[in-house]
Every structure is written in C-alpha cells, then in structure tokens.
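The values are calculated or read from the model by the stated rules, or taken from the named source; none is laboratory data. Bear in mind that the values here come from a model prediction, so they are computed numbers and not experimental data. A quick note on method: Cβ atoms are made from the backbone with ideal geometry, for glycine too, and the neighbour counts reach across all protein chains shown.
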Amino acid sequence: MSRFRAAYWDPEGTRYGIPTFWWGGAPAGYATRRQLRTRGLRPGGQPVAAQILWRGVGGTRAAYLYRLDLARPKRTASPAQQRAISAALRARRICPACGELRDYYIPRSLGECLTCYDARPGR
Ligand SMILES: [Zn+2]
C-alpha cells in the first residue's frame with residue numbers, strides 16, 4: 001500500500017466526511033452514476049454515499065458513489081403523463097366534423113374522418 005493510496009483510504013469517513021476509497025477499492029454495493037445508468041438505475045434522490053479519490057491529471061480527482069440498495073429504476077412516464085399521452089393520441093382519432101371516435105387517426109390532409117370525407121357532395 002503506497003502512501004498516497006493510504007491517504008485516499010477512509011472507509012469510515014472520519015477524514016473526508018464520507019466513506020472514501022481509492023480507485024478499485026470501493027466495496028460492493030456502491031456504484032457511480034454512470035454505473036447505475038448501465039444497470040437501468042438512477043440515484044433516486046439519495047445523497048452521495050461515498051467517493052473514490054485518485055491522483056489524476058491536475059491533482060486529486062473524485063468520483064461519487066451511490067448506494068445500490070437505495071437506487072431506483074430509471075424514470076419512466078408517470079401514470080399522469082401516460083394518461084396525457086393516451087388522451088392526446090385518442091384526440092387525434094376524433095373527427096372534428098362529426099365528433100366520432102374512429103379506429104384510425106384522422107388524416108391531417110383531410111381534416112375529417114373518411115366517412116365524412118366520403119359523404120361530401122360531389123364525391
Ligand atoms: Zn367524421
């Protein structure tokens with residue numbers, strides 16, 4: 001164990017305030033934000049739980065770690081958002097002329113459902 005490595009070894013956080021490990025020395029159960037993302041997770045509002053310090057370009061570099069057990073699945077559309085989306089899609093199936101809900105989207109080029117379009121005089 002070299003001296004600078006030892007300086008970055010503080011698993012109890014007594015020196016740095018949060019548990020601190022050297023590169024490659026973090027125990028299981030921690031992940032960086034990028035590592036969380038590759039697992040389909042996000043920090044989920046938890047504070048930084050630990051850090052990795054290493055000597056890099058320009059001095060000491062830090063990477064922040066989050067606890068895997070507190071991570072949440074990546075955000076998907078909320079129920080309210082999903083309702084809004086399906087309502088918007090449904091609205092595109094309602095004919096502005098007759099007000100009927102059709103099985104298809106009202107063609108923008110016609111501006112009305114096919115029934116209305118076909119019923120137009122002169123067609
Ligand atoms: Zn119609």
Residue within the range 107-122 that is in contact with a Leu (Cβ under 9 Å, 6 or more places away or on another chain) and surrounded by 13 or more Cβ atoms within 10 Å (Cβ to Cβ) present: yes
Number of positions in the range 1-38 that are touching a residue at least 24 places away in the same chain (Cβ under 8 Å) and among the charged types (D, E, K, R): 2
Some residue of the range 111-120 being outside the structural domain of residue 11 (by TED's automatic domain parsing) and more than 16 Å from the ligand (Cβ to nearest atom): no
Options 18, 52: the member that is in a loop (DSSP other than H, G, I, E, B) and surrounded by 13 or more Cβ atoms within 10 Å (Cβ to Cβ): 18
Pair list, Cβ < 8 Å and 6+ apart or interchain, from the range 97-119 residues that are of a type in the set (Asp, Glu) to residues that are at pLDDT 90 or above and surrounded by fewer than 12 Cβ atoms within 10 Å (Cβ to Cβ): 112/96
Residue match in the range 73-87 (condition: more than 16 Å from the chain's Cα centre (by Cα), away from the ligand (no atom under 16 Å from the Cβ) and among the β-branched types (Val, Ile, Thr)): yes
Check on residue 103, more than 10 Å from the ligand (Cβ to nearest atom), assigned by TED's automatic domain parsing to the domain that holds residue 38 and within 36 Å of the chain's Cα centre (by Cα): no
Residues of the range 66-123 satisfying the condition of being modelled with pLDDT of 90 or more and part of a strand (DSSP E or B): 66, 67, 72, 94, 101
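This table checks each residue for (1) aliphatic (A, V, I, L, M); (2) under 30 Å from residue 116 (Cα atoms).
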site	(1), (2)
23	no, no
38	no, no
67	no, no
97	yes, yes
103	no, yes
One residue from 75, 33 being over 30 Å from residue 108 (Cβ atoms) and surrounded by 14 or more Cβ atoms within 10 Å (Cβ to Cβ): 33
Test: residue 60 is β-branched (Val, Ile, Thr), assigned to a strand (DSSP E or B) and farther than 16 Å from residue 31 by Cα: yes
